[in-house]
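Readers should treat all values here as calculations from the given coordinates under stated rules, not as data from a laboratory. As the structure is a prediction and not an experimental result, all values here were calculated from the model. Glycine gets a Cβ as well: all are built from the backbone with ideal geometry, and neighbour counts include every protein chain shown.
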């Protein structure tokens with residue numbers, strides 16, 4: 001049974017590695033000939049997309065990319081590294097049971113009451129026991145009424161269906177400007193007594209555009225890497241031109257299948273929807289061309305970051321070694337009757 005079939009049938013996916021990204025081949029050197037083949041394949045996909053009129057807007061791309069529970073689990077796990085509240089939520093549920101509900105899907109799987117709707121079992125509840133409802137709502141602009149909008153979804157998706165379960169709402173934001181709807185005080189114009197009135201669900205805010213950096217994308221699956229790279233840089237065509245082909249290279253190299261190629265195609269459709277005249281700039285360069293351009297590619301960023309961190313770690317170790325040596329010298333001086341004043345003065349000598 002395919003994963004998509006499992007989702008449509010609300011069947012949990014049994015996998016001990018659920019939510020854990022496979023190892024990416026960054027440490028394996030790819031021959032130039034292979035890179036040329038990948039670049040050619042990528043450019044063929046670009047040519048197949050560039051002349052077609054795209055209506056693949058923000059919300060449709062989120063649905064395409066993260067209706068798959070594995071990728072949604074990966075997205076939540078990624079953000080939980082910096083969000084203690086989200087981590088506390090994930091600690092209560094069994095991620096292997098994350099499943100899309102029937103409200104997730106329409107005829108083209110891109111429309112519905114909310115952007116995405118899931119369920120997951122509580123760890124102690126089991127399949128027939130306790131579970132939680134999950135609403136994922138996407139925003140690309142600052143919408144101060146987003147919580148009221150989610151409240152309407154909550155009513156339609158859960159209360160009207162007599163589903164008395166706790167619900168967690170995720171606002172997935174990849175807008176150009178920084179924004180946090182959770183920082184806004186409710187009923188701010190009313191006396192203090194009323195301000196603790198909340199919504200009947202918890203809310204977590206995931207800022208794709210500003211909350212994660214390139215280094216954090218290193219150890220996720222190629223599909224999620226491509227999706228998040230597209231969403232992260234949709235507003236910056238120059239960064240998209242550099243980063244997206246490098247991200248897509250991992251997908252073509254590891255999953256050279258029709259599904260992988262279609263995923264890249266949909267992500268490019270999303271980009272060309274925003275920047276319709278960028279087809280030539282987005283094409284992947286050969287290794288020689290990249291070397292001559294003088295910019296740092298997505299993959300090179302990881303290598304350079306590793307070198308930088310290695311240098312910093314080495315410098316720290318050297319400082320610690322010097323400090324230990326100085327401490328031993330000071331102990332030796334004290335044992336031979338040298339005063340603390342002289343020992344302290346010697347520390348100032350460069």
Order the peptides 83-95, 237-249 from the highest to the lowest mean number of other Cβ atoms within 10 Å of their residues. 237-249, 83-95
Note the full-extension length gain between residue 236 and residue 122 as 0.36 nm times their separation in residues minus their Cα-Cα distance, in nm to one decimal. 37.1 nm
Would you mind getting the Kirkwood hydrodynamic radius of the stretch 66-221 from its Cα pairs, rounded to one decimal in Å? 16.6
Compute the length gained on full extension between residue 346 and residue 325: take 0.36 nm times their separation in residues and subtract their Cα-Cα distance, giving the result in nm to one decimal. 6.2 nm
Calculate, for residue 199 and residue 338, the FRET efficiency according to 1/(1 + (r/R0)^6) with r their C-beta to C-beta distance and R0 51 Å; round to the nearest 0.05. 0.15
Ascending count of other beta-carbon atoms within 10 Å, so fewest first, for 74, 185, 152: 185, 152, 74
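Can you give the extra length, in nm with one decimal, that the chain gains between residue 277 and residue 180 once fully stretched, where that is 0.36 nm per residue apart less the Cα-Cα distance?
Full extension from residue 277 to residue 180 adds 31.7 nm.
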